[in-house]
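Visitor: One structure, pasted below without further comment.
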Amino acid sequence: MKVVLVAVNISAKTNQYSYLMEDDSSLKKGDLVMVSLGRKKTKGLIITDPRDHLAESDYPLSKMKKIANDHVFDFSLTEEEISFFSFMSSYYHYNLGMLVFDVIPSKKELKREKKEKKSDDVVKTESLFQLTVEQQSVFSNLMTLFLGEKKKALLHGVTGSGKTVIFLHLISFYLEKGHSIQLLVPEINLTPQYIDFFCRFFPGKVYSYHGQLKDHERYHFWNKLKNSNDYDSILMIGTRSSLFLPLKNLALTIMDEEHDLSYKQMDHCRYHARDMVIKRSSVTKTALLLSSATPSLESYYLATKAPEGRRFSYLTLKKRAFDVLMPDLKIVDLTKKTGIKRKDDPLFPFRQETIEIIEETLEKKQQVIVFLNRLGFSQFLQCQSCGLSVECPNCSTTLRYYKKKNSLDCHYCNYESNVVEVCSECGQIDLNPIGYGTEKIHEILEKALPTYKLARFDREELTTFKKAKKVVTDFNAGDIDLLIGTQMISKGYNFKDVKLVVALDLDFMLNFPDFRSDERVLQLLNQVAGRSGRFDKKEQGRVILQTLNPSYHLFSNLSFEHIQDFLVRELELREELLFPPFSKWILLEVKAKSSMMAQKIATEIYTFFQREIKNEAKASEGLRLVRPRASLMEKKENYYFWHLIIKST
């Protein structure tokens, strides 16, 4: 009998166990197997080579259980993949077995073989776009870097500068050499645009992978990548989950919109895809290109201030391609009184001048985007007699009002209820919608602009991948005149006839208690503004920002220099305060059935760390604790959350 160590798919602190296997078993390191654990069976990953004898620390041979000689999946993990998952497990303090089986889709039998969704249907291959002088310079520099020793770079280029065309030339080079390329995008809704674009140049080579594929489709694709020779040189376009795909001959990873928060996983193993592709690039010595019009401070630090061994190359595209101008930014000052009360103003929250500019744009057969990063008709319902707001019974938040479906919804626990007509506190029937979301904006603009075709672009309206693709197609075709959307609309779309973008209520984000608030407002404003006037050299695009902070430094203009100045100043400020990326913060989250219990446990953890830091003063130098406090939203899904932070310099 031989012994192997198995990382088991359980959440217990001890999650790696020794198991027996027959001497003639075909099982090996990297195999995904089914093992007995107590009275149950669970999945596991063999993480050691079979051994002939036991170490003294091993569990007694007589009590060890045996692995059946069968494989759970049709493929195994390589040494490189096990090493990568082991690093993630250690870095994020997440059980290795759970991580592996979170990432790998469940095995399910296909009822029928489906035609692989790729670009075989495209017959004609187009010639590559010619690069501008600025683009050619960046491309040449990237090729020199990637074929040499420095294989990591940050491309900072304004919206419409042609970053995608540079991707095109890089991808073409590596495909011709027989390599694979991975293109990561933040949103699933962006994949059709990229697939359609790249399929024109690389028919039969382009594939997509994202969370809306069914389990059996994802497993089937994993299996093909592992066991077929038809995928040795491909372009894989996908969201953050595609990071883990077993691509053969991977030579280049491109992460577009690298600043985007969608790259961070917020449940299970809370990894950041950007950090993991950086690690993978370092280990595998493959090329990595991060790209954005508004780079994150973390990436900008890596490109400008990181130690030499970790530093990225920094390349810039400061102007839009073909002399197209950046859009002009007009500030509409909401502090100026209109003389009309809100409740009597049918256009609120729009100002009259904003509506007039929208009408003027539409009359010229040009398209408009209205941006508001808030769903629903209103933020909540409030009794006008006693002031009570309708709250979620499971979370410490109000219920959002949706007029079209006549419901009150919680976006944290998915609780839904019918709209209440009587106040539960005072019995009055005087409940009014407070605030506004994309649904209300749609209603206001439909009344103000009755002759034009309007549509919404948010996750409440676009419940499927197919619906999102149709709206984008219709808008590009000119069948929609004005599009109302959340941050989904700000990410990488190319709409040739959009000449005006209206941004509403960014002030709310400025007041959010987060040291990254300014950074995120700048990113969001510049990204959504970048949809305006991308292709017209003759007429400059326009952006209207309605704000209560008209003189705020972030809102001065949309130029490359303005963004770069902000990055420099903000980085200096964070260095002075020892904020990330000049320090590392760990957030410890306590989850309990009562607020009192969550507070008690958080306080005990705080006291424990205080004592350990004091006792190990030399080893703990540079560590600082932030006292525990309730989460910004303390109650969620009937659990209470308290946080404490450990800071390390």
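The values are calculated or read from the model by the stated rules, or taken from the named source; none is laboratory data. Being a predicted model, the structure only gives us computed values, none of them experimental. Every residue, glycine as well, gets a Cβ built from its backbone with ideal geometry; the counts of neighbours run over all protein chains shown. Accessible surface areas use protein heavy atoms only, side chains included; no ligands, DNA or RNA. Shrake-Rupley method; radii C 1.70, N 1.55, O 1.52, S 1.80 Å.
Visitor: Among V422, A448, Q367, which residue has its Cα furthest toward the positive end of the charge dipole of the chain, with +1 on Lys/Arg Cβ and -1 on Asp/Glu Cβ?
Guide: With unit charges placed on the Cβ atoms, the residue in question is V422.
Visitor: Separate question: Test of understanding: what is the full-extension gain from L623 to A477, defined as 0.36 nm times their sequence separation minus their Cα-Cα distance?
Guide: 46.9 nm
Visitor: Something else now. Sticking with the crude label model, points 7 Å out along Cα→Cβ, report the distance from S36 to D565 in nm, one decimal please.
Guide: The modelled label-to-label distance comes out at 7.2 nm.
Visitor: Under a point-charge model restricted to the Cβ atoms of Lys and Arg (+1) and Asp and Glu (-1), what is the dipole moment magnitude of the range 430-540 relative to its Cα centre, in debye to the nearest 20?
Guide: 640 debye
Visitor: What FRET efficiency would be calculated for the residue pair D49, T284, taking the C-beta separation as r and a Förster radius of 22 Å, to the nearest 0.05? Intermediate results must be reported in sequence, preceding the final value.
Guide: Working: r = 22 Å, r/R0 = 1.01.
The pair D49/T284 has a calculated efficiency of 0.50.
Visitor: How far apart, in nanometres, would the label points at H268 and Q428 be if each is projected 7 angstrom from Cα along the Cα-to-Cβ direction?
Guide: Taking the simple label geometry, H268 and Q428 are separated by 4.9 nm.
Visitor: Further, regarding this structure: At most 16 other C-beta atoms within 10 Å and a DSSP loop state: those are the exposed GluC sites (Glu not before Pro) I care about. Give me the longest piece of the chain that has none.
Guide: Numbers: sites that count: E22, E56, E109, E113, E116, E126, E149, E308, E421, E425, E539, E616, E621, E637.
The segment 150-307 is the longest one with no such site.
Visitor: Separate question: What translational diffusion coefficient, in µm²/s and rounded to a whole number, does the Stokes-Einstein relation yield for the range 186-342 at 4 °C and a viscosity of 1.567 mPa s, taking the hydrodynamic radius as the Kirkwood radius over Cα pairs? List each step's numbers first, then the result.
Guide: Numbers: Rh = 18.7 Å.
My calculation gives 69 µm²/s for D.
Visitor: State in Å² the accessible area per residue of the chain; use a 1.4 Å probe, count heavy atoms of protein chains only, and round to the nearest integer.
Guide: Numbers: 32110 Å² over 649 residues.
Roughly 49 Å² per residue, with all protein chains present.
Visitor: Amide H neighbours of G437 under 5 Å, counting only residues 5+ apart in sequence or on other chains, H built in-plane at 1.01 Å?
Guide: S378
Visitor: Also: When averaged across all projection directions, what area in nm² does the alpha-carbon convex hull of the range 464-524 cover? Please list the in-between numbers first.
Guide: Numbers: hull surface 20.8 nm².
Mean projected area of the Cα convex hull: 5.2 nm².
Visitor: Could I ask something else about it? Within the set K305/K491; K163/K470; K13/K43, which residue pairs have Cα atoms separated by over 22 Å? Don't skip to the answer; put the middle values down first.
Guide: Numbers: K305/K491 27 Å; K163/K470 25 Å; K13/K43 16 Å.
The pairs that break the limit, which is 22 Å between Cα atoms, are K305/K491; K163/K470.
Visitor: If you add up the charges near I605, with Lys and Arg at +1 and Asp and Glu at -1, over every other residue whose beta carbon is less than 14 angstrom from its beta carbon, what do you get? Could you put the intermediate results ahead of the total?
Guide: Values: positive: K591, K600, R611, R627, R629; negative: E589, E604, E612.
So the environment of I605 carries a net charge of +2.
Visitor: What list of ³J(HN,Hα) values in whole Hz, one per residue of the range 280-288 in order, does the Karplus curve 6.51 cos²θ - 1.76 cosθ + 1.60 (θ = phi - 60°) give from phi, with Gly and Pro shown as x?
Guide: For the range 280-288, the Karplus curve yields 4, 4, 5, 6, 8, 6, 9, 6, 9 Hz.
Visitor: Now for a separate question. What length, rounded to one decimal in nm, is gained on full extension from T144 through to S86, with 0.36 nm per residue of separation minus their alpha-carbon distance?
Guide: Numbers: separation 58, 0.36 × 58 = 20.88 nm, distance 3.26 nm.
Additional length available on full extension: 17.6 nm.
Visitor: For the chain, which cysteines have no second Cys with its Cβ under 4.7 Å from theirs?
Guide: Those would be C199, C269, C413, since no other cysteine Cβ in the chain comes under 4.7 Å of theirs.
Visitor: Could I ask something else about it? For the chain, calculate the relative contact order in percent as a whole number, restricting contacts to Cα pairs under 8 Å that are 6 or more residues apart. Don't skip to the answer; put the middle values down first.
Guide: Working: 1183 pairs, mean separation 75.0, N = 649.
Value for the chain: 12 percent.
Visitor: Normalise the Cα radius of gyration of the range 115-274 by 2.2 N^0.38 Å (N = residues in it) and let me know the number.
Guide: 1.04
Visitor: I would also like to ask the following. Tell me, what HN-Hα J-couplings in whole Hz come from the Karplus equation 6.51 cos²θ - 1.76 cosθ + 1.60 at θ = phi - 60° for each residue of the range 614-620, using x for Gly and Pro?
Guide: Running phi through 6.51 cos²θ - 1.76 cosθ + 1.60 with θ = phi - 60° gives 5, 6, 10, 4, 5, 5, 9 Hz.
Visitor: Once fully extended, how much extra length lies between N223 and E421, figured as 0.36 nm per residue of separation less the alpha-carbon to alpha-carbon distance? Can you show the working numbers first?
Guide: Details: separation 198, 0.36 × 198 = 71.28 nm, distance 5.41 nm.
Contour length minus Cα-Cα distance gives 65.9 nm.
Visitor: Sticking with this one: After finding the eigenvalues of the alpha carbon gyration tensor for the range 507-551, what semi-axes result from the square roots of 5 times each, listed largest first in whole Å? Write out the running numbers ahead of the final one.
Guide: On the way: eigenvalues 136, 29, 7 Å².
With the √(5λ) rule applied to the range 507-551, the semi-axes are 26, 12, 6 Å.
Visitor: Can you list the residues, at least 5 places off or on another chain, whose amide H is less than 5 Å from the amide H of E391, using H built in the peptide plane?
Guide: L399
Visitor: Starting at the first residue of the range 536-542, write each ³J(HN,Hα) from the Karplus equation 6.51 cos²θ - 1.76 cosθ + 1.60 with θ = phi - 60°, in whole Hz, x for Gly and Pro.
Guide: 10, 6, 7, 10, 6, x, 10
Visitor: Grab the beta carbon distance between D74 and T603, set R0 = 41 Å, and tell me the FRET efficiency rounded to 0.05.
Guide: Values: r = 50 Å, r/R0 = 1.21.
It comes to 0.25.
Visitor: Of the cross-linked pairs K214/K469; K177/K467; K152/K499, which ones have a Cα-Cα span greater than 29 Å in the structure shown? List each step's numbers first, then the result.
Guide: Numbers: K214/K469 18 Å; K177/K467 37 Å; K152/K499 35 Å.
Pairs exceeding the cut-off: K177/K467; K152/K499.
Visitor: Further question: What base-10 log of the normalised intensity I(q)/I(0) is obtained for the range 569-636 from the Debye formula, alpha carbons as equal point scatterers, at q = 0.14, 0.21, 0.28 Å⁻¹?
Guide: With no solvent term, the Cα-only Debye profile gives -0.59, -0.95, -1.16.
Visitor: What value, in deg cm²/dmol to 500, does the helix sum -39500 (n - 2.57) over DSSP H runs of n ≥ 4 give at 222 nm once divided by the residues of the chain?
Guide: Numbers: 15 runs with 183 residues, N = 649.
Helix-only estimate at 222 nm: -9000 deg cm²/dmol.
Visitor: To continue, here is another question. Past 32 Å, Cα to Cα, is the threshold; run K66/K205; K404/K538; K151/K584 against it and keep the listed order.
Guide: Details: K66/K205 44 Å; K404/K538 41 Å; K151/K584 25 Å.
Long pairs (Cα-Cα over 32 Å): K66/K205; K404/K538.
Visitor: Along the charge dipole of the chain, which of S208, L297, S389 sits closest to the positive end, that is, farthest toward it, with unit charges on the beta carbon of Lys, Arg, Asp and Glu (+1, +1, -1, -1)?
Guide: The residue sitting most towards the positive pole is S208.
Visitor: For a quick check: with amide H placed at 1.01 Å from N, whose amide H comes under 5 Å from L317's, ignoring anything fewer than 5 positions away on the same chain?
Guide: H156, G157, V158
Visitor: Rounding to the nearest 20 debye, state how big the charge dipole of the chain is about its Cα centre with +1 on each Lys and Arg Cβ and -1 on each Asp and Glu Cβ. Show your work: numbers first, answer last.
Guide: Numbers: 94 positive and 83 negative charges, 164 e Å.
Around 780 debye, computed over the chain.
Visitor: Name the aspartates and glutamates eligible as straight-distance cross-link partners of K319: C-alpha to C-alpha under 13 Å, and not fewer than 8 places from it in the same chain.
Guide: E134, E561
Visitor: What FRET efficiency comes out for the pair K405/L61, r = Cβ-Cβ distance, R0 = 60 Å, nearest 0.05? Walk me through the numbers before you get to the answer.
Guide: Numbers: r = 62 Å, r/R0 = 1.03.
Calculated value: 0.45.
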